Structures are given as C-alpha cells and as structure tokens.
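Single-structure report; data block below.
Any read-out appearing in this document is the output of simple, stated calculations on the displayed coordinates, not a laboratory observation. Being a predicted model, the structure only gives us computed values, none of them experimental. Cβ coordinates were reconstructed from backbone atoms using ideal geometry, including for glycine residues, and neighbour counts include every protein chain displayed.
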Amino acid sequence: MAKMSQEDLQFFKELLLKNRAKVQKNLEYLRSTVLDTTTRDASGDHSSYSFHMADQGTDAMEREKAFMFAARDEKYLKQIDEALERIENGTYGICRETGKLISRERLKAVPTTTISVEAKLAEKKS
C-alpha cells in the first residue's frame with residue numbers, strides 16, 4: 001500500500017490544525033453571541049411588552065441560521081479530527097475506494113477527504 005512522505009503528512013497536519021483552530025474560533029463566536037442570546041436580550045428590550053411579529057421572525061431566522069452554521073462547523077470539526085487520526089495511524093491521503101494515494105492538489109483543496117478525484121467521479125456516475 002502506498003504511503004505519504006513524512007514531510008507531506010506534517011504539511012497536512014499543520015493545515016488541518018489551522019483549519020481546526022479557525023472552526024473552533026467561529027463556533028465559540030456563534031455560541032457566545034447568537035446561540036446564547038435570547039430574543040429579549042438580542043433586542044436590548046427588557047420590558048414585558050411583546051415584540052413586533054416581523055422582528056420576532058427575523059430573530060428566529062437569524063438564530064436558525066446560526067444553528068445551521070454551528071452544526072456545519074461541528075460536522076467539519078469531526079471530519080478534521082478523523083483526518084488527524086488518519087495521519088497518526090498512517091492511512092491519511094489514501095483513497096478508501098482505490099487504495100491509491102490521493103493527489104496533493106485534492107488534499108490541499110479538501111484536506112479531510114478520504115476519496116480520490118477518480119473514485120469520486122466514478123461514484124457520481126453510478
């Protein structure tokens with residue numbers, strides 16, 4: 001079975017760790033600003049008066065969008081952690097379909113991938 005060089009593995013490990021830090025920072029921001037804020041806190045209104053329905057709808061939509069971004073980031077974090085695990089166990093950069101090395105260009109574009117371009121194209125055809 002083909003293996004990546006230690007130099008390449010180190011390069012991709014650093015890339016994945018940078019991506020991981022960015023995603024974690026974004027998740028922390030989402031959690032601290034949007035997801036932990038109630039409608040009343042978000043509006044700055046602490047009175048007992050009801051809010052305009054349009055404002056409530058906008059707030060709800062923004063919170064829902066933030067939840068979707070957070071879910072996407074959490075999924076990507078999991079993929080990054082799995083890729084880092086593959087680096088540690090020596091299977092990173094090896095296509096799960098063909099067993100061949102995934103091109104460096106593909107890994108730069110999608111460092112969490114487990115499938116080569118050729119296998120991905122074949123997958124789409126079927």
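Under a straight-distance cross-link criterion of Cα-Cα below 21 Å, which lysines are reachable from LYS18, leaving out those fewer than 8 residues away in the same chain?
LYS75, LYS78, LYS108
Got a sec? How would ASP81, ASP73 order by Cβ neighbour count within 10 Å, fewest to most? Numbers along the way, then the final one.
Values: ASP81 13, ASP73 17.
By the 10 Å Cβ count, ascending, the order reads ASP81, ASP73.
When the chain is fully extended, how far beyond the present Cα-Cα distance does LYS78 get from SER126, taking 0.36 nm per residue of separation?
Details: separation 48, 0.36 × 48 = 17.28 nm, distance 2.74 nm.
Residue separation times 0.36 nm, minus the Cα-Cα distance, leaves 14.5 nm.
Which whole-number percent gives the relative contact order of the stretch 65-126, counting Cα pairs below 8 Å spaced six or more residues apart? Mind dumping the intermediate values first?
Working: 41 pairs, mean separation 16.6, N = 62.
It rounds to 27 percent for the stretch 65-126.
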